[in-house]
Amino acid sequence: MKLLLSLIRLTFLVAVLAPIWQGGCKIKPQEEEKRETPVSAENEYLFTWQSDEQDIVPGTLYMRVKWKYDRKGDYLSFIISVNDNDYNEKDYIGMIFDKNQNGMIDLGTIDKPYGLWVNGMTAPSALAEDGSLVFAKLPPKPGGHKCEFDPEKGYVFEIPFIKWQSPLPRSTLLRISFVDRDVPYGKIRVVKTKDLKLNIKEVASGDENN
Ligand SMILES: [Ca+2]
Ligand SMILES: [Ca+2]
């Protein structure tokens, strides 16, 4: 009789605990999945150059780069801020993507650099070793970007739409430079980032429902 009671108890325990156990197993992989998929951690970068690395500002120069990928429109957009302290309409940022997908940022016109002046204009350009661009002697055209200047904070570039092929590749390298035209000759007026690897299609856009 005792044995029978023990068996009934055991069966009851198994019946009650099994779903809880299974439930516990189901929850765990979801938690792990979340941890392994950072949503926005890699689409913001901050670069700094100390006073011995540039003559654009007296102290530290900052460049903050935020970008996102819009899955629906298959394009990239950027917000880039640089704390330059004096406005010059020919100051510009250079953005060079590995457009020919050969695994490197090429000098010259091969990767078709974007040179975006703070006055909203652009012209075809070639990339030089130091990160600066040599602009073609052609009439400039609107670049599709906007730039605001605040003497306290510097420039904020809004670059809403970049798409050089369709569909965009899964990933690309990107080098960004900034050139300040107000720096006297012989001083350091150009800064450039290391080459970033943008994993374009792994980064959430935040615009999926738009
Ligand atoms: Ca300047
Ligand atoms: Ca290239």
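Quick notes
- Flag if residue 66 is more than 16 Å from ligand 2 (Cβ to nearest atom), within 22 Å of residue 173 (Cα to Cα) and in contact with an Asp or Glu (Cβ under 7 Å, 6 or more places away or on another chain): yes
- Criterion applied to 187, 137, 163, 112 was being in the same structural domain as residue 64 (by TED's automatic domain parsing), under 26 Å from residue 59 (Cβ atoms) and of a type outside the set (S, T, N, Q), and the one residue passing it is 187.
- Some residue of the stretch 158-178 being buried (at least 16 other Cβ atoms within 10 Å of the Cβ), more than 18 Å from the chain's Cα centre (by Cα) and away from ligand 2 (no atom under 16 Å from the Cβ): no
- Qualifying residues in the stretch 110-120 (those that are more than 10 Å from ligand 2 (Cβ to nearest atom), under 22 Å from the mean Cα position of the chain (by Cα) and free of Cβ contacts under 8 Å to residues at least 40 places away in the same chain) - the one surrounded by the most Cβ atoms within 10 Å (Cβ to Cβ): 113
- Annotation note: Cβ proximity below 6 Å between a residue of the stretch 90-104 that is on the phi < 0 side of the Ramachandran plot and in the same structural domain as residue 132 (by TED's automatic domain parsing) and a residue that is surrounded by fewer than 21 Cβ atoms within 10 Å (Cβ to Cβ) and among the basic types (Lys, Arg) (sequence gap 6+ or interchain) occurs for 90/181; 91/181; 96/175; 99/112.
- Inter-residue pairs, beta-carbon under 6 Å, first aromatic (Phe, Trp, Tyr) and in the stretch 162-181, second not in a strand (DSSP E or B), 6+ apart: 164/99
The values are calculated or read from the model by the stated rules, or taken from the named source; none is laboratory data. None of the values given here were measured: they were computed from a predicted structure. Here Cβ is always computed from backbone atoms with ideal geometry, including for glycine, and neighbour counts include all displayed protein chains.
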